[in-house]
Structure formats: structure tokens, C-alpha cells
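> Take this structure first; my questions come after.
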Amino acid sequence: MSFGREHICVVIAERTAAAALKALRRVPKASRNVELRLDWLSSRREIDRLLARLRIDRKKVCAIATLRRRAAGGKYSGGLHEQMSLLRVAAEAGCAWCDVEVESAERLSADTLNELRRFGARVMISFHDFRATPRNLGAVVRRLQRCGGDAIKIAAHARTIGDSVRVLATARRQRNVVAVPMGEAGLPARVLALRTGSALAYAAADQATAPGQLSVAEMRGLFRAEKLDRRTRIYGVIGNPIAHSLSPLMHNSAFAARHVNAVMLPFLVTDLKDFLAACPEFGMKGFAITIPHKQTIIPHLHGCDPLAARIGAVNTVVVRGDGGLYGYNTDYVGVLRALSSRVELAGSRVLLLGAGGAARAAAFALVEAGAIVCICARREAQAAALARDAGCESIPRRNLKGEFFDAIVNSTPLGLWPNDATPLRAEELNCRVVMDMIYRPMRTKFLQLAERRGIETVSGAEMFIAQGIAQWEIWMGERAPEKIMRRVMLDALRERG
């Protein structure tokens with residue numbers, strides 16, 4: 001296929017011809033490939049204005065003209081004859097490809113498609129399903145191929161990670177296929193599409209035009225999608241939600257700094273078995289775990305570090321050569337490093353909010369350090385069970401007003417971006433130090449509440465960086481580039497608030 005060497009295609013979707021032309025002038029700096037979404041222009045007049053001024057040098061830019069009709073998920077409301085007439089003008093103006101959705105292509109004659117070719121453009125026949133991934137993708141491929149295009153594109157919404165694997169499989173061992181898994185669950189597969197064999201991977205210039213579409217800066221900078229190959233080691237961070245996670249930024253920055261051929265990707269996991277079944281397909285070497293899978297992963301492990309087994313929660317998994325999963329817990333290290341710099345833990349009284357996987361690691365770590373730990377959780381029975389396991393005590397929330405603690409640690413998700421909540425009220429903060437295990441935002445509402453009462457605070461960023469460094473060293477077997485990991489994390493958190 002005559003796409004640019006980079007194989008990342010930057011999507012230009014603007015409301016006016018002037019804005020589209022301005023974006024087009026910037027594209028060669030980002031990628032040689034560009035998709036012009038003509039259907040996103042606000043009116044037929046704006047389409048005509050753009051095409052009248054469009055002059056593309058095919059030696060410099062490989063442009064795909066797309067005028068997708070509403071029936072195929074686009075914005076164009078005109079008729080089929082008018083659609084093809086406008087695509088012919090785009091081909092004459094220098095567009096190297098015209099994307100024709102299968103719903104239109106099946107109504108066209110071979111002569112109509114050949115007319116586009118006579119103006120120097122090749123034809124891509126595309127299929128889009130914004131609701132789900134069809135069960136029989138093989139039938140979809142055959143349907144597209146019958147239309148007689150020069151390439152085919154399959155874009156389908158992946159409800160599960162397994163769906164995204166099936167979409168990618170359409171490009172494996174076949175030429176001239178573009179595979180686009182859509183949706184947040186499909187995001188990792190979008191990044192790995194070129195590695196799998198897809199002829200293109202789409203990225204947004206400014207605004208996304210499909211669910212889960214990344215920006216060109218993310219595709220090229222954060223994930224280095226064009227540089228991934230069969231030797232690349234794939235790591236992930238799994239959770240629900242996962243969009244907030246900065247683990248990929250921290251670990252990918254470390255990989256780049258050490259010139260390690262590896263990448264970390266965010267996996268939205270609603271079904272743990274679905275993710276684990278896909279691990280061999282992606283060639284996973286390890287993954288980090290966040291809410292809510294730190295405890296539910298344990299029955300699926302083939303082995304576990306003794307400390308993690310005692311805690312009963314895992315946040316780091318190594319995939320061994322035989323496919324076996326071995327679990328660790330680095331939250332333990334993170335809690336101790338973050339809190340011990342502010343509080344002499346031995347003999348201190350610490351209130352721990354929550355009783356989930358993160359709380360288990362914190363409870364065991366603090367007890368091991370000699371602290372007197374009290375567990376308070378919305379579900380009192382769960383708090384009591386954790387207290388028994390860790391060798392501490394539980395306390396109901398109604399009793400907090402009359403208690404004083406050296407430190408209070410929040411291990412619940414309350415306050416996690418983008419939600420703005422706090423696990424305690426101001427009058428319940430009777431302590432010297434407050435720590436929030438949430439790292440995004442860096443100054444949660446809980447920490448702001450404590451600051452207004454003159455209480456010293458510890459951001460979850462400190463814990464997160466420490467546990468991430470420990471994860472990296474488990475996976476890589478060498479010292480982590482701590483300064484780089486800390487710098488990129490803190491810079492990102494300050495920028496994002």
C-alpha cells in the first residue's frame with residue numbers, strides 16, 4: 001500500500017475549510033499520512049470551499065478523503081451520486097485514497113470506483129460498527145473484499161478485550177487491511193495494531209472522531225506505536241476505571257530512558273477472565289493491578305510472593321515463560337516509604353480508611369512497622385475481617401470524633417479523578433498527618449480539607465512513585481531510573497491539577 005513510512009494516519013476533522021487547510025499544513029510535521037474527514041465540515045458550502053483550494057503533493061502527503069454518510073456513522077447527509085462526485089474532486093486535488101463505506105460501495109458499479117482510480121486515487125472499502133464487534137468478522141472481511149477496493153478497513157466497537165483481539169486478527173497474515181478496535185477496551189489494541197500487521201493506525205490531530213482514538217502525540221510519544229515489533233515486551237495496567245492511570249507514562253518514560261524495547265498499556269478490565277484469556281494473544285510479560293482486581297486476581301495465579309500471599313492482595317504480576325502468573329505486592333513498599341518520612345511509625349496510632357486490596361497492603365505494612373492500626377470502612381464486617389487478618393483493630397465511623405491519631409490514611413477510591421469527594425468530614429480529622437493513597441489529583445479534596453485544619457499532608461504520588469519503582473525492578477531485574485520516573489510523574493500531576 002502506498003502509505004507513508006510511519007503508518008500513523010492523522011485525522012483532520014474540522015468544521016470549516018479554513019481550519020482544515022490550516023491543520024493540513026501542520027500534518028507533515030506529525031505524519032505523512034492524513035485522513036480528511038470531509039463529512040465533518042459544517043455544510044456543503046464548506047466542503048466545496050475546501051475542495052476548491054485543496055492542492056496536495058502526493059510525494060509529500062498521502063491523504064485519504066473520507067465523506068462518510070450518516071448510515072455508516074458519519075455526518076454527511078447527501079446522496080450517493082453527490083458523494084462520489086465530491087470524492088472524485090478530492091482525488092483530482094491530490095488525495096491518494098478515497099474511503100468509501102461498504103454501505104455505499106455495494107450500490108456502486110466497478111466503473112464508478114475505477115473513475116476514482118483514473119484520477120490517481122486508490123479505494124479503501126470500510127466497515128464501521130459503533131455498537132459492538134460482529135461475531136463473524138470473517139464474513140465482514142469477505143463482504144468488503146467483494147466490493148473490489150484496493151484495501152479494506154474494519155472498525156468495530158470492542159466491548160471486551162477479547163473483541164479487540166478479534167478485530168486485530170483480521171489484519172494478521174493479510175495485506176491491505178486496516179484494523180481499528182474502537183472504545184476504551186480497544187485502546188491497547190489500537191496501539192498494537194501496526195505491530196500486528198494493520199496497514200494504518202489512526203490518531204487524532206485535535207479532536208477524536210471515534211471512541212478510544214488517541215492523539216498523535218500519545219500514539220507516537222507516549223506509546224511509540226510505530227517502533228513496536230514482535231520483540232517488544234508488552235506490559236499493562238489493569239483496572240476499572242483505568243483512564244486516570246499514569247502508570248503508562250511513568251513506566252514508558254523509564255523504558256525509553258533505558259532504551260528498553262517494551263511498552264505499558266492501560267487495559268480497561270471489567271471481566272478478569274476475558275483479560276487473562278487475551279494475555280497470550282498480546283504476548284504479555286507482566287501487568288500492574290489497580291481497583292478492583294487486587295484480590296480477585298489471586299485464584300488465577302500460579303504462584304505468589306509470600307508477603308503478597310500473607311497480605312491477600314496483589315498489585316504486580318509477572319508472566320513467566322510458560323505462561324504462569326506470579327504475583328507480588330509493591331503497595332506495601334509504597335506506603336512505608338511515603339508515610340515513614342513524616343511519622344515515626346513504631347508506636348504511632350494510625351487510622352486506615354477502607355478495607356479493599358490497597359488497604360490490606362497498608363494494614364500489613366503499618367503493623368509490620370510497629371504502628372497501632374485501626375481500620376474503618378463503610379462495611380464494618382469487612383473492616384473487622386481485615387483487622388483480624390492483619391493483627392489490628394476495627395473502629396466504627398461513629399466513634400471517630402472522640403479519637404485522636406498520629407496519622408489517617410485513605411485507601412478508598414473516594415476523591416479519585418474525576419470525582420470530587422472526601423471519605424471524612426472536617427470534624428473527624430483529629431490527627432497530625434493525613435495521607436491519601438489516591439495520586440490523581442495530587443491534592444485531593446481530602447488533603448485540602450486537612451490543610452485547612454493545619455494538618456500536615458502526604459500525597460498519594462509519593463506512594464505511587466515508590467511502588468512503581470519497585471514494580472519496574474521486579475519486571476526488569478535491575479535498578480529503575482528513579483529520577484526520571486519521579487520527574488515525569490510530578491510534572492504530569494502538577495500540569496493536570
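> Viscosity 0.890 mPa s, temperature 25 °C: what is the translational diffusion coefficient of the chain from Stokes-Einstein with a Kirkwood Rh over Cα pairs, rounded to a whole number of µm²/s?
Diffusion coefficient, whole number: 99 µm²/s.
> Which of His259, His293 comes first, and how do the rest follow, when ranked by fewest Cβ neighbours within 10 Å?
His259, His293
> Run the dipole for the stretch 1-155 about the Cα centre, Lys and Arg Cβ at +1, Asp and Glu Cβ at -1, nothing else charged, and hand back the magnitude in debye, nearest 20.
Using Cβ point charges on Lys, Arg, Asp and Glu, the stretch 1-155 gives about 440 debye.
> With bins 5 Å wide starting at 0, give me the P(r) of the stretch 435-475 over every alpha carbon pair, in whole percents.
Distribution as computed: 6, 25, 25, 17, 12, 8, 5, 2, 0 percent.
> So what are the radius of gyration and Dmax for the Cα set of the stretch 336-464, in Å?
Calculated on Cα positions, Rg and Dmax stand at 13.0, 36 Å.
> Please give every one of the aspartates and glutamates within straight-line cross-link reach of Lys401, meaning a C-alpha to C-alpha distance under 20 Å, and leave out same-chain neighbours fewer than 8 residues apart.
Output for Lys401: Glu380, Glu393, Glu427, Glu428, Asp436, Glu451, Glu456.
> Can I ask one more? Name the long-range amide H neighbours of Glu35: under 5 Å, sequence gap of 5 or more, or other chain; modelled H, no Pro or chain starts.
Excluding prolines and chain starts, which carry no amide H, the hits are Val10, Val11, Ile12, Ile64.
> Where the centroid of each part is defined by its Cα atoms, how far is the stretch 364-410 from the stretch 311-363 in Å?
The distance from the Cα centre of the stretch 364-410 to that of the stretch 311-363 comes to 15 Å.
> Here is a further query. Using the structure shown, list the pairs from Lys22/Lys59; Lys22/Lys75; Lys227/Lys445; Lys22/Lys60 with a Cα-Cα distance above 28 Å, or answer none.
Working: Lys22/Lys59 19 Å; Lys22/Lys75 21 Å; Lys227/Lys445 40 Å; Lys22/Lys60 16 Å.
Result: Lys227/Lys445 exceed 28 Å.
> Using 7 Å Cα-to-Cβ label points, what is the Glu82/Asn430 separation (nm, one decimal)?
7.3 nm
> Between the helical axis of 460-476 and the dominant principal axis of the chain, each derived from Cα atoms, what acute angle in degrees is found, rounded to the nearest 10?
70 degrees
> Another question about this same structure. For Lys273, list the lysines whose Cα falls under 26 Å from its own Cα; do not include residues on the same chain fewer than 8 positions away.
Lys285, Lys294
> Using 0.36 nm per residue, how much length does the chain from Lys75 to Leu301 gain when fully extended, once their Cα-Cα distance is taken away?
Roughly 76.6 nm would be gained on extension.
> Can I ask one more? Based on the Cβ-Cβ distance from Arg378 to His259, what FRET efficiency comes out when R0 is 41 Å, to the nearest 0.05?
Efficiency, from the Cβ-Cβ distance: 0.30.
> Efficiency by 1/(1 + (r/R0)^6): what FRET value for Asp420 and Glu344, r their Cβ-Cβ distance, R0 = 41 Å, to the nearest 0.05?
Values: r = 33 Å, r/R0 = 0.80.
For Asp420 and Glu344, the calculated efficiency is 0.80.
> Follow-up. What number results when the radius of gyration of the stretch 250-307, computed over Cα atoms, is divided by 2.2 N^0.38 Å?
Taking N as the residue count of the stretch 250-307, the ratio is 1.28.
> Now for a different question. Report, to the nearest 10°, how far helix 17-30 tilts away from the longest principal axis of the Cα atoms in the chain, using its own Cα long axis and a range of 0 to 90°.
Tilt relative to the chain: about 70 degrees.
Every read-out reported here was derived from the displayed coordinates using simple, explicitly stated rules and does not represent laboratory data. Note that the structure is predicted; figures quoted are calculated from it, not measured. Methodologically, a virtual Cβ is constructed for each residue, glycine included, from the backbone with ideal geometry; neighbour enumeration extends over all protein chains shown.
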